[in-house]
Every structure is written in structure tokens, then in C-alpha cells.
Amino acid sequence: MSTTWHPKPSDVVIRRRRQQELEPVHIELGAVRGHSRVFEPTMILAYSFIIIIAVGTGLLMLPFTHHGEGFVPFADALFTATSAATVTGLVTQSTPEFWTRSGQIIILVLIFAGGLGIITIATSLLILAGQRISLSQRLLMREAIGTSNFGDITRVTIQVVFWAIGIQAAGFVVLLAGLITIYPPSEAIWQAAFQTVSAFNNAGFTSLLESESLIGFQSNKFLIPVIGLLIVLGSLSYWVIIDSVHHRQWARLTLNTKIVLATTLGLITVGALVLLLAEYTNPRTLGPLPLLDKLFTALFQSINRTAGFSTIEIGETTSVVQVFYTLLMFIGGASASVAGGIKVTTAAILAGFLVASLRGRDRTVMFGKTIPHLQVQWALVILGIAFFGVGTTAVVVSLAEPDIELLDILFESVSAFGTVGFSTGITSNLSDISLFALSASMFIGRVVPPMMILLALASPTQIATHHYAKEDIVIG
């Protein structure tokens with residue numbers, strides 16, 4: 001006797017739901033009928049930075065934020081707010097000499113918010129408030145914090161926030177232990193807090209009155225290594241650090257972590273060697289220092305290719321160093337980190353693609369893994385955007401400042417677009433037009449590359465229905 005089983009309506013619903021979950025999901029940001037592209041979620045990143053820069057500019061213009069009378073000029077306030085929010089570090093006025101404690105607090109808040117990421121902070125607050133996060137917001141957060149996992153966005157976001165705050169808290173305690181021997185307790189607390197936040201977020205701002213940047217602490221074997229470690233941690237990204245801690249063995253690390261660690265170590269090593277060799281006898285930089293201090297200073301300066309702190313006068317270095325460090329600033333740090341530039345992974349992919357092309361290979365292989373062709377394409381897109389941004393900025397500044405050497409202008413332009421903060425000393429002498437151009441470059445360098453990748457991820461893949469005939473052209 002056979003029995004026919006008839007599913008209950010609830011079983012059918014569950015099966016259909018499970019089938020829908022397994023089917024590919026195509027997400028189009030801003031596809032809601034009647035919505036303008038101006039209000040797409042992809043623009044939230046830009047809007048967030050615009051809002052914080054605008055608020056910061058307004059606050060910094062107020063009389064109580066600076067030493068002196070009257071309001072701060074708009075160009076100076078805008079440039080400083082943009083530099084802080086984009087964690088760049090370029091300044092038109094000395095931070096400890098021009099800005100009051102209130103002004104420095106505003107700058108510190110801008111650095112913290114800009115480094116951690118406005119989107120990360122906003123989403124974390126929504127999570128803590130128990131609000132529902134939409135798929136569009138999840139996609140935006142995936143790019144903002146650098147994860148490929150949709151399901152764990154909320155948990156990962158909280159982890160990123162606590163990780164960043166935890167490292168800065170630990171750095172504060174360590175720096176305070178060293179600065180308490182130099183300053184009174186209240187001043188030591190403030191200086192430790194400011195330098196910690198600025199260092200971890202790769203901002204390059206300093207509030208030390210006795211020193212231009214960190215030149216006055218050049219030989220301090222406690223303060224400088226701690227700041228250097230904070231810079232490295234901030235420039236590596238949460239994912240690289242977590243992957244390294246969890247797996248520990250090189251063979252078990254992800255390809256992304258291997259590329260970031262290998263490229264970062266290589267850039268730091270080469271940068272230190274170039275500076276050491278080029279400046280070894282320069283009486284205005286490394287020349288007067290003992291050998292150990294020369295090595296110490298060269299290593300710290302190379303680490304600062306993403307941050308902009310300095311223990312020597314960058315403007316006094318040779319043209320060889322300035323050209324090479326222009327390249328280092330252009331590359332920057334790791335993706336999903338607080339550092340700027342085109343990112344070390346982008347540079348590594350482009351280098352791998354170049355090597356593969358020269359060898360006649362049709363694919364890019366790194367550490368035994370093939371890089372998807374789409375990622376190679378977007379690495380080229382980011383490179384093109386960066387070249388265009390730096391080139392446009394350099395042209396505008398050179399037209400506005402005909403008396404300044406082109407190398408200094410190019411160095412400043414790359415520093416702005418890469419959100420680094422190194423300067424040969426020309427920033428305070430620039431006209432308002434140049435300051436506006438550099439401010440725009442800092443904003444674009446911080447916001448546009450991740451937005452472009454986000455748009456690529458959000459856009460549905462277009463499959464061509466027809467193909468045009470091929471024809472070769474002459475190149476080279």
C-alpha cells in the first residue's frame with residue numbers, strides 16, 4: 001500500500017524562500033523609481049565628507065579657534081578642515097602656534113572621523129540603535145571596510161570600530177608613559193591623545209609646540225618608534241592584521257595579505273635605503289647625525305610615506321629623494337586602511353600585469369594565484385584617475401604660482417592627492433587658488449577611488465549581444 005505525501009503550505013513557502021536565497025541576487029543601487037542619481041547610496045561617501053568638511057570649516061573660522069583677532073580666512077579654514085578630514089596633514093599655519101586648544105580639538109575630531117570613516121561611524125550607530133541596514137547600505141559598507149562578506153557586515157563593522165579605537169587607546173597609554181616625563185600631566189595627556197590619533201590615522205598633524213613636525217624629537221628612541229608602529233598599523237588595514245594574527249603562517253595567509261605585507265615591507269626598505277644613500281652626507285639632513293641615528297631617521301621617514309610626519313626638513317633633501325618619495329606617496333598604503341594613494345595592492349597588480357605582458361602571458365599571476373582580469377582593469381582605472389587628478393592639480397598650481405619650481409609643485413600635488421602630508425615648505429606661501437585646488441585634490445584622492453570601485457560592484461554586468469570586427473593598430 002503506497003502513501004502519497006502532500007506537502008503542507010508552510011513547507012512549500014519555506015522551500016521557495018530557500019530557493020530564492022540560493023538564486024543570484026542582482027543589486028542595483030539607486031534603482032528605485034523616481035529617484036535621481038544624485039541621491040544614490042553610492043554618493044553617501046562623498047556627501048559625508050562634504051558635510052564634515054563644511055562643518056569643520058565653519059567651526060575653524062570662528063575667532064576662538066586661533067590666536068589673534070577676527071575670523072580665520074576662509075581659504076585657511078577650508079584647507080585645514082579638508083586636510084584633517086581626509087587625514088592628509090598639509091597645513092597653511094603651524095598647528096600648535098596658530099590654532100588654540102579649541103581649534104586643535106576640532107582638528108583632532110576631524111582626523112578621527114575622517115580616518116575611521118564617516119560611513120563606518122554612521123552605520124555603527126545605526127547598528128547600536130537597532131536599525132535595519134538595507135542591501136544598498138551593506139554594499140556601501142562592504143567597500144568602505146573592505147570585506148567581501150555580506151552576511152557579517154554588522155558584526156564586522158563593530159569589530160572594525162572597536163579595533164581602531166582599541167589600538168588608539170593602547171597607543172595613547174604608551175605615548176603618555178613617555179610624554180609624562182617631558183610635560184606636566186594635563187599637557188602630557190593632551191599631547192599623547194593628539195599624536196596617537198594623528199599617527200594611527202596617518203594624518204601627519206602634530207601639536208608639539210617645541211618642534212616643527214617631529215624634528216625636535218628626531219633622536220627620541222621611545223616616541224618615534226611608537227608613532228612609527230601606529231602609522232604602520234593604520235596603513236595595513238584591519239583585514240591584513242586580523243588575517244596575519246589568525247593564520248600566522250605565510251602559506252595560510254590570503255593573497256591580499258601576502259601582497260600588502262610583501263609590498264609594504266619592500267617599499268619601506270627601499271625608501272629607507274634611497275634616503276640613507278642620497279642624504280648620507282647632506283649637512284642639512286642626515287649628514288651631522290651618528291650612523292645609528294641616520295638609520296633610525298631613514299627608516300622612520302620611509303614609514304611616513306603614508307603619513308607625512310617628518311624628523312628632517314623635506315625641503316632640504318636632494319631632488320633624488322623628492323622624486324622617489326613622490327612615487328612612494330603616489331602608491332600609498334593598503335586598501336580599506338586609513339592611508340591614501342592608489343594603494344599597494346593596485347601598484348602590485350599593475351606591476352604583475354606589466355611583467356606578465358612583457359613575458360607574453362595572457363594572465364597576471366601573483367604568489368601562485370591568478371588575478372581576475374576585471375581587477376586588473378580597475379587597477380588601470382584607478383591609475384588613470386590618479387594621474388588625471390595629480391596632473392590637473394599640478395597644472396592649476398603651477399599656473400597660479402609661476403615662481404615656484406615644478407618639482408615642488410608636483411611633490412605637493414601628489415602629497416595632496418595621496419593624502420600624505422609631506423611638503424617641501426611651499427604650502428604656507430600658496431595663493432587661495434592653489435589652496436582650493438589642493439583642497440579639491442585631497443577630497444578627490446580620498447573619496448573618488450573607493451566610489452569608482454563601489455560603482456563597479458553595484459552595476460550589473462553587461463554582456464554584449466554583438467561584437468565589432470577587430471583591427472590592429474600601431475602602438476609604441
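The values are calculated or read from the model by the stated rules, or taken from the named source; none is laboratory data. All of these numbers come straight from a predicted model, not from anything done at the bench. In this analysis, Cβ positions are derived from the backbone assuming ideal geometry, glycine residues included, and neighbour counts consider all displayed protein chains.
Just a few scattered comments:
- Only one entry of Phe436, Phe422 meets the criterion of being of a type in the set (Phe, Trp, Tyr) and modelled with pLDDT under 95, and that entry is Phe422.
- The set of residues in the range 356-376 being more than 24 Å from Gly418 (Cβ to Cβ) and aliphatic (A, V, I, L, M) consists of Ala356, Leu358, Val365, Leu374.
- Every residue from the range 284-327 that is within 21 Å of Thr263 (Cβ to Cβ) and either free of Cβ contacts under 8 Å to residues at least 60 places away in the same chain or among the acidic types (Asp, Glu) (or both): Ala298, Gln301, Ser302, Val321, Phe324, Leu327
- Filter pass, Leu410 being closer than 30 Å to Gly315 by Cα and either of a type in the set (Val, Ile, Thr) or modelled with pLDDT of 90 or more (or both): yes
- Residue list for the range 399-439, filter: among the charged types (D, E, K, R) and closer than 12 Å to Ala75 by Cβ: Asp432
- Tyr47, sole failed condition from (1) assigned to a helix (DSSP H, G or I); (2) touching a residue at least 12 places away in the same chain (Cβ under 8 Å): (2)
- Spans of helices (runs of 4 or more DSSP H) in the range 323-425 with at least 1 residues more than 25 Å from Leu275 (Cα to Cα): 344-358, 373-400
Listed here are the residues, each with its yes/no results for (1) farther than 22 Å from Ala84 by Cβ; (2) modelled with pLDDT under 95.
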| position | (1), (2) |
| --- | --- |
| Phe194 | no, no |
| Asn202 | no, yes |
| Glu212 | no, yes |
| Gln218 | yes, yes |
| Lys221 | yes, yes |
| Gly234 | no, yes |
| Ile241 | yes, yes |
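Residues are listed down the side, and each one gets a yes or a no for (1) more than 15 Å from Gly425 (Cβ to Cβ); (2) touching a strand residue (DSSP E or B) at 6+ places or on another chain (Cβ under 9 Å); (3) surrounded by fewer than 14 Cβ atoms within 10 Å (Cβ to Cβ):
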{"position": "Pro283", "(1), (2), (3)": "yes, no, yes"}
{"position": "Gly287", "(1), (2), (3)": "yes, no, yes"}
{"position": "Leu292", "(1), (2), (3)": "yes, no, yes"}
{"position": "Leu299", "(1), (2), (3)": "yes, no, no"}
{"position": "Ser302", "(1), (2), (3)": "yes, no, no"}
{"position": "Thr317", "(1), (2), (3)": "no, no, no"}
{"position": "Gln322", "(1), (2), (3)": "no, no, no"}
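- Qualifying residues in the range 335-346 (those that are modelled with pLDDT of 90 or more and more than 17 Å from Gly389 (Cα to Cα)) - the one surrounded by the most Cβ atoms within 10 Å (Cβ to Cβ): Val344
- Consider the range 426-437 and keep the residues that are part of a helix (DSSP H, G or I), more than 20 Å from the chain's Cα centre (by Cα) and of a type in the set (A, V, I, L, M, F, W, C). The one that is surrounded by the fewest Cβ atoms within 10 Å (Cβ to Cβ) is Ile433.
- Failed criterion for Ala458 (all others in (1) at pLDDT 95 or above; (2) surrounded by 13 or more Cβ atoms within 10 Å (Cβ to Cβ) hold): (1)
- Matching option when the condition is under 24 Å from Gly115 (Cα atoms) and small (Gly, Ala, Ser), among Ala177, Ala192: Ala192
- Matching residues in the range 243-281 - criterion: being modelled with pLDDT under 95, of a type in the set (S, T, N, Q) and surrounded by 16 or more Cβ atoms within 10 Å (Cβ to Cβ): Ser244, Asn256, Thr257
- Of the residues contained in the range 279-295, one or more are found to be among the basic types (Lys, Arg) and assigned to a helix (DSSP H, G or I).
- Enumerated helices (runs of 4 or more DSSP H) restricted to the range 94-184, each holding at least 1 residues that are under 20 Å from the mean Cα position of the chain (by Cα), at pLDDT 90 or above and aromatic (Phe, Trp, Tyr): 101-116
- Hits in the range 164-192 - residues which are among the hydrophobic types (A, V, I, L, M, F, W, C) and within 17 Å of Ser211 (Cβ to Cβ): Leu175, Leu179, Ile182, Ala188, Trp190, Ala192
- Listed by first and then second residue, the pairs linking a residue in the range 349-375 that is over 14 Å from Ile259 (Cα atoms) to a residue that is assigned to a loop (DSSP other than H, G, I, E, B), with Cβ atoms under 9 Å apart and 6 or more places separating them unless they lie on different chains, are Val355/Arg361; Ala356/Asp362; Ala356/Arg363; His373/Arg363.
- For the range 70-93, the set of residues classified as in a helix (DSSP H, G or I) and either under 14 Å from Gly445 (Cα atoms) or among the charged types (D, E, K, R) (or both) consists of Asp76, Thr82, Ser83, Ala84, Ala85, listed by residue number.
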